[in-house]
Structure formats: structure tokens, C-alpha cells
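The values are calculated or read from the model by the stated rules, or taken from the named source; none is laboratory data. Bear in mind the structure is a predicted one, so any value in this text is a computation, not a measurement. Cβ sites come from the backbone with ideal geometry, for glycine too, and all protein chains shown count toward neighbours. Just so you know, the surface numbers come from the protein's heavy atoms only, side chains and all, with ligands and any DNA or RNA stripped out. Shrake-Rupley method; radii C 1.70, N 1.55, O 1.52, S 1.80 Å.
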Amino acid sequence: LANDTNAVVDWVCNWYRDHVDGADRGAIAVRLWRGLALTLLRPTLKSFFAEQTTFSKRLSAFRANGKFEDPSAGSSLRSFVQSLRGEFGPLRVYCWHTLGGYWGGVCTSSPLTAHLAAAQHFPRPTDSLLEVEPALGWDAAAVCGVGAVGEGREIELFHGIHSYLAESGVDGVKVDAQSGLGPLGCGFGGGPRVVSRHVGAMEASVGEHFRGNRCINCMCHSSENLYHYRETSLLRAADDFYPDEPAAQPVHLAHVSYNSLFLGEIGHVDWDMFTSTHSDAHMHAAARAVGGCPIYVSDQPGEHDFDLLRALVLPDGTALLARHAGRPTRDVLFSDVNADGVSALKIWNENACTGVVGAFNVQGARWDRATRRFEQAAAEEEEEEGGGAVTALLRPADVTPFGRREIAAEEGEDGARGGGGSSPAAPPPAEYALYTHRAEGLRVLGAEDAVEVRLAAREWEIAVVAPVRAEGEVRWAPLGLLDMLNGGGAVLSSSLALSSPPGEAAATAVVRAAGRIGAFARPAPLEVCVDDSPVRFEYDEGSGLLTVNVAADGAEVEPLELRARWGPPAEEEEEEQQS
């Protein structure tokens, strides 16, 4: 609106910015503006939403428009999808729509959607929603209304969208604006009832048309949405990645990790895309590596940081995903990692044979609920707090299953729990190898021992945590692919065993792919083999770090077996042979 040359419009826009935007819901200016927006200013705002945004537009047909479907030119959505696969090779193509069809719902006048019996409906947000976001009282839905499909027609809506997309070669959908459906429940049996019908119909259609229930649920944090999922499991964990909002970057990491504490018990979390060339791309990539979430980027074609992407993704396009949703470690659960000036955000996860802990300095920016904006700390505030640097303590016990083993062992010894004659559980490892990715440092620690890491503003560190196996004098803990952010995720299995003659031992690790493979070994092995072929290796006596470089064979990714062997010194072997 401010681009309009009308002086009255300019004055209204300035007044809105000064008195309404960021004001409390109960402020006189906010109440006055809401009244004006739904009466005198409604025609102007409707024109603005129609001309300057897509939020009032509605679904008028299931088939794509002339940009994709043009019989005279011989083009179609199907041919476009085929051309993408022809140019970029095998890939999965997803399309976007909302739970209501489109931002403004379904067109009430189009003959192509008449069978859906869509009717004009105005949302009625609850008081709690308006308290968080007063603008819901004058957004596009409130001003222009929404085309809501008739009760019982929901399956027809989703079948129409999904059958066309599936026939066009599309593999899945991202279903957005899901929490926006609840406020439409007045007069339709209530928000939960409306959402239940739509979610049930959407999931049934996704299951029918897209192999593997390929669906990303987005903007779906209302209780009525989360508690109605039965078939689809992928859930966006927080707000969007905003590339042009510097203050949003550290806040995003805090939000996705703390939200995953709850959402990870309901579905598979999605921490959103990011761009690999962004100024904070490495911080985002490190978070995705420990987040246990799908990894995808929204790079502009031709603008990529391939070195960063190779630290996340193997040559065949697969990623080393951790087992769970990344969650904050116990010691920071109740810390304000964005604003207390001292706490690092620590996120833990688990792999098949290792754990992973990420530490991030996300101080200095926060979401202000009063102004409803991302706020950056002033430079003088950061200087007072030591330049914004924080210290993180990385412990093996930060990986919750490792910590639980220690607690269970202590309780078993003390007799605090258990009993009943059950056999005791296997004791937890006495030691853990902790390897820091950026510092390339290896330490062997007890579960509660710590490595101290100092992080400047927006710096990060990732640590692989591997239980140390011990047999006789030999200790062994594979660390995985050292050049990858979640390199410990490459370790598929591990073993250590003594063998005969006495004094000999062998350790193995099955690793997901070739690369720079690391392991903690003590003492130095006599021989290292990869798939039964001896290879050269490097060994650091101080730390016990064993490294082997295995060259990759193009885009082929095949598991390989690393085997280390210990035995008596060479002169002892000669004496045995002579005798």
C-alpha cells in the first residue's frame, strides 16, 4: 500500500507502522484498526491482497494453469516433470498445496470446482490466537473470506488434486497452512471436527496416490492437527528459514530443536530447507546433521557450496541421518540459549553405533512476542557479555542413552531399583571416545567427563561420541567418516575380540562408504585392512587416533569393512616360528 502515491494511503500506512504493528491486542489503535479493516478499509485491503499477494487467491481447477498445461504448445505438467528427470537424473518431485486447497480455499464460482460445494466463510480466531498474533483479525482470510468445501466433500478435494499430480509423475506433496483451518470451524461443528475431516481425507488420498505416504505436513502445530495424524509422519518443526533476516538464523535453530522435544514423539521432524551459500549456512548444515531430519536446500541453480553439501550427503545422494529427532541436552533444557548471554545450545542424537552432540552459539537474537519480530542484540550488549562468546561442555552423557546406561548401572549397584531375581544388565562402557569435528581433537573420557569448547557468536562444534570396547590390553572405538558432519552415522557395526595365539586381537567396523575413516585404537595395530586388503594407515600415539583414507569410486556407495589386527611384536613371532 505504501507504494501508492495517494497521500492519505501513505499516512494510513505510517500510522499502522507506528501504532498498530507490534502493539498489544487490547491497544486502542489495534481495536480501531481491526474495526476499520473489516468495514471502511475492506475494499482497499481486498484490492491490496488480490493485487500484491497470493493470500486471497483460490483453487479454481485441479489441473495446472497455462504456465504448465498448454495443448497448443504441446506442454504439460507431466512433460515438465519428465524434463526435470531427464536433465537432473532420478529425483523426487513434490508439489505444494494447502489443507484447504489454496491460500484462500476453493473458488466458489468456478464450474470446475462446483462439485465441491464451496461456500464463503470467515474465520473466527480464538482469543489465544489473537493474543499471539492480532493481525489474524485483519489478514486476507478475515478481510476476503475463505472458500470452504462442503462437509463430506473433503475426499473429493484431495482426490482431485492428488490424482492429477500423480498422473503427471509427481511423487508427493507438501500440505501447508494446516493450522489455519481450525478458525473456520464456527458453524461447522468446531475447529477440531473440521480439521479431523480434512486431515483424514488428505491422508487417505496421499496413501492412495503417493507411494510411501510422501507428504510434508507444514504449519501444523495446533493440537487438533498434531493429534489427528495417523498415516503421514513428516512434520515441520518451526517457522520458515528466512534468508534475508539475519536475526532469524540463531532463533530458528533454537526453535526447531526445542520443538522437536515434543514433536519428535509424534512424527518425523523437518527442520526446513536452507541455502548452502548463506552466511550462516555452515551453522544450519551442522544443525541438520544432528537433527535427524531430512536434508534439503533451496539453492538458486548454479549457486552451491559443494564442499559443505559433501559434508552432509554421500556421493549417491543419501545422507547419514541420525536415529531420532535432535533434542536439547538435559543441561540446557531450561536455559534461554538465545538471550541469557552464557548458554550454548546443545543438541544430541544417536546413530547405530555412536552418538553425536552439536554445540551452537545462538545468543544475541530472539523472537520478541510483544513486537512480533526477530530482535538482534545491540553491539554494546554483546561487548558487555564478552563479545558474545559462550562456553559449552561436551560430555558423552549428553547422548541420553549413554547417560541412562550410567544411571542404570549406579542404581543396580546401589539396589535402588530392580530386584526380583532378574539377571543384571551388561555394564556400560567405562570410557568413550569423543572426537570434535572442527578442532579435529580426540579425547577418551568417562561418561560425565567433559571437553570444554569456546564458541564465538554463531560458531558451532560437533562431536562424535563412541563407546570404547576393551579386550585385554586393546581398546577400540570406530568414529566413522571424519570429513562428514555426522560422520559417526557411517558406522554400521563394530566388534573387538581376542584370538589365538595369545596376545592377538582383531577389531572390525563396517562403514557406510569410502572416505577418511577414523577410529580410536590403543595400542597401535600391526595391520589394517579394508575388505581383506592391507592398506596404509596413520596413527597418532598421543591421542590414539587411527585414520585410513579410502578413495571413493565415483558415485558408487557400498559398505566396506575396516579390520585392525594386534599381535605380539615381530621378534616374538620369529621366535615362535623357529621353535
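Here are some notes:
- Members of the stretch 315-335 found to be in contact with a Lys or Arg (Cβ under 8 Å, 6 or more places away or on another chain) and more than 25 Å from ARG516 (Cα to Cα), listed by number: PRO328, THR329, ASP331, VAL332
- Sole residue being touching a residue at least 60 places away in the same chain (Cβ under 8 Å) and either touching a Gly at 6+ places or on another chain (Cβ under 9 Å) or not aliphatic (A, V, I, L, M) (or both), chosen from GLY388, GLY291, GLY302: GLY388
- Filtered residues of the stretch 373-405 (kept if open to solvent by 40 Å² or more (accessible area, probe 1.4 Å) and at pLDDT below 85): ALA379, GLU380, GLU381, GLU382, GLU383, GLU384, GLU385, GLY386, GLY387, ARG404, ARG405
So that you can scan it fast, the table gives a plain yes or no per residue for (1) under 30 Å from GLY487 (Cβ atoms); (2) in contact (Cβ under 8 Å) with a residue 24 or more places away in the chain; (3) in a helix (DSSP H, G or I):
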| residue | (1), (2), (3) |
| --- | --- |
| SER196 | no, yes, yes |
| ALA201 | no, yes, yes |
| ASN213 | no, no, no |
| CYS220 | no, yes, no |
| HIS228 | no, yes, no |
| PRO243 | yes, yes, no |
| VAL251 | yes, yes, yes |
| ALA287 | yes, yes, yes |
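- Verdict on GLY518 being assigned to a helix (DSSP H, G or I) and either closer than 20 Å to ASN351 by Cβ or of a type outside the set (Asp, Glu) (or both): no
- Selection within the stretch 293-310 - at pLDDT 95 or above and touching a helix residue (DSSP H, G or I) at 6+ places or on another chain (Cβ under 7 Å): ASP305, LEU308
- Any pair with Cβ under 9 angstrom, 6 or more apart, that starts in the stretch 550-579 at a residue that is open to solvent by less than 80 Å² (accessible area, probe 1.4 Å) and ends at one that is part of a loop (DSSP other than H, G, I, E, B) and at pLDDT below 85: TRP566/GLY503; GLY567/PRO501; GLY567/GLY503; PRO568/PRO501; PRO568/PRO502; PRO568/GLY503
- Residue selected from the stretch 110-124 under the condition in a loop (DSSP other than H, G, I, E, B) and crowded, with 21+ Cβ neighbours inside 10 Å, by the criterion farthest from the chain's Cα centre (by Cα): ALA118
- Complete set of residues in the stretch 465-490 that are in a strand (DSSP E or B), surrounded by fewer than 22 Cβ atoms within 10 Å (Cβ to Cβ) and small (Gly, Ala, Ser): ALA470
- The stretch 50-62, residues that are among the charged types (D, E, K, R) and surrounded by fewer than 16 Cβ atoms within 10 Å (Cβ to Cβ): GLU51
- All positions within the stretch 350-372 that are touching a residue at least 60 places away in the same chain (Cβ under 8 Å), in a strand (DSSP E or B) and either in contact with a Ser or Thr (Cβ under 6 Å, 6 or more places away or on another chain) or open to solvent by less than 30 Å² (accessible area, probe 1.4 Å) (or both): GLY355, VAL356, VAL357, GLY358, ALA359, PHE360, ALA365
Residue-by-condition table, conditions (1) in contact with a Lys or Arg (Cβ under 7 Å, 6 or more places away or on another chain); (2) modelled with pLDDT of 95 or more; (3) open to solvent by less than 60 Å² (accessible area, probe 1.4 Å); (4) farther than 26 Å from PHE158 by Cβ:
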position	(1), (2), (3), (4)
ASP4	no, no, no, yes
ASN14	no, no, no, yes
ALA27	no, no, yes, yes
GLY100	no, yes, yes, no
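- Among the candidates SER493, SER533, residue that is surrounded by fewer than 18 Cβ atoms within 10 Å (Cβ to Cβ), closer than 21 Å to ALA552 by Cβ and in contact (Cβ under 8 Å) with a residue 12 or more places away in the chain: SER493
- Any chance VAL8 is surrounded by fewer than 14 Cβ atoms within 10 Å (Cβ to Cβ), at pLDDT below 90, closer than 28 Å to THR371 by Cα and β-branched (Val, Ile, Thr): yes
- Enumeration of residues in the stretch 1-23 that are assigned to a helix (DSSP H, G or I) and in contact with an Asp or Glu (Cβ under 9 Å, 6 or more places away or on another chain): ASP10, CYS13
- Pair list, Cβ under 8 Å, 6 or more apart: the stretch 75-93 residue open to solvent by 70 Å² or more (accessible area, probe 1.4 Å), other residue in a helix (DSSP H, G or I): ARG78/GLU167
- The set of residues in the stretch 24-44 that are closer than 25 Å to GLY145 by Cβ and either touching a Cys at 6+ places or on another chain (Cβ under 8 Å) or in a loop (DSSP other than H, G, I, E, B) (or both) comprises ARG25, LEU38, THR39, LEU40, LEU41.
- Remark: VAL510 matches the filter, which requires a residue to be within 22 Å of LEU321 (Cα to Cα), open to solvent by less than 70 Å² (accessible area, probe 1.4 Å) and part of a strand (DSSP E or B).
- Considered as a group, the residues in the stretch 241-266 that are touching a helix residue (DSSP H, G or I) at 6+ places or on another chain (Cβ under 8 Å) and farther than 14 Å from ALA281 by Cα include one that is surrounded by the fewest Cβ atoms within 10 Å (Cβ to Cβ), and that residue is ILE266.
- Any hit, the stretch 328-344, residues being in contact with a His (Cβ under 8 Å, 6 or more places away or on another chain), of a type outside the set (Lys, Arg), open to solvent by less than 20 Å² (accessible area, probe 1.4 Å) and touching a residue at least 12 places away in the same chain (Cβ under 8 Å): no
- Considered as a group, the residues in the stretch 138-150 that are part of a helix (DSSP H, G or I) and either β-branched (Val, Ile, Thr) or under 14 Å from GLY101 (Cα atoms) (or both) include one that is most open to solvent (accessible area, probe 1.4 Å), and that residue is ALA141.
This table checks each residue for (1) among the hydrophobic types (A, V, I, L, M, F, W, C); (2) open to solvent by 10 Å² or more (accessible area, probe 1.4 Å).
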| position | (1), (2) |
| --- | --- |
| LEU136 | yes, yes |
| GLY152 | no, yes |
| ILE155 | yes, yes |
| GLY169 | no, yes |
| VAL175 | yes, no |
| GLY200 | no, yes |
| ALA204 | yes, yes |
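- Filtering the stretch 108-152 to residues that are closer than 24 Å to GLU51 by Cβ and among the polar types (S, T, N, Q) leaves THR108, SER109, SER110, THR113, GLN120.
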